[in-house]
Amino acid sequence: MSVGDFLPILVQVLLAVSMGGIILGVSHLFGQRTLKNKIKDSAYECGIPATDKAHTRFSVKFYVTAMLFILFDIEVVFLIPWTIIYREFLSVGIPILLPILFFLGVLVLGLVYETRKGGLDWEK
């Protein structure tokens, strides 16, 4: 391996670093640095000046539901490869049905637990 083999990587790294520096420099030169203009700093919605805070707080219930969705969504993603390779495992003689049934059982138990605890009820 010679230095010439690494030349494209060096050029790409230099381009990335210089582009980042250029963007930061232009942003610093032309960006807003003072708080003189209150209109620019305020939230804008349909031409009506904002009366409340720009960012309101969300309920914890929203975050719990979002985490549950992500959790169950990721578990479903684990099922997709299993459906694709199921026949290949059967042809080789590897029993794959019981582990996936255990996985689905844990998934169903988690869903039943969350339903009984009221994790999916918005009215509470």
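Bear in mind these aren't lab numbers, they're just calculated from the coordinates by the rules spelled out. A quick note: this is a predicted structure, and the numbers were derived from the prediction, not measured. Cβ sites come from the backbone with ideal geometry, for glycine too, and all protein chains shown count toward neighbours.
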Note down the nm distance, to one decimal, between modelled labels 7 Å out along Cα→Cβ at Ile80 and at Met67. 2.5 nm
Rounded to the nearest 20 debye, dipole of the stretch 60-117 from Cβ charges on Lys, Arg, Asp, Glu: 200 debye
Can you give me the Cα centroid spacing of the stretch 107-124 and the stretch 59-103 in angstrom? 19 Å
What ³J(HN,Hα) values, in whole Hz, does the Karplus curve 6.51 cos²θ - 1.76 cosθ + 1.60 give for the stretch 76-89 when θ = phi - 60°, with x put for Gly and Pro? 5, 5, 5, 6, 4, x, 4, 5, 6, 9, 4, 5, 5, 5
Explain nothing, just compute: Karplus ³J(HN,Hα) = 6.51 cos²θ - 1.76 cosθ + 1.60, θ = phi - 60°, for every residue of the stretch 19-30 in order, whole Hz, x for Gly and Pro. 5, x, x, 5, 4, 5, x, 5, 5, 5, 5, 9
What percentages make up the Cα-Cα pair-distance distribution of the stretch 60-117 when the bins are 5 Å wide from 0? 4, 16, 21, 21, 14, 10, 7, 4, 2, 1
Exposure proxy check on Lys61, Lys117: fewest-to-most Cβ neighbours within 10 Å is Lys117, Lys61
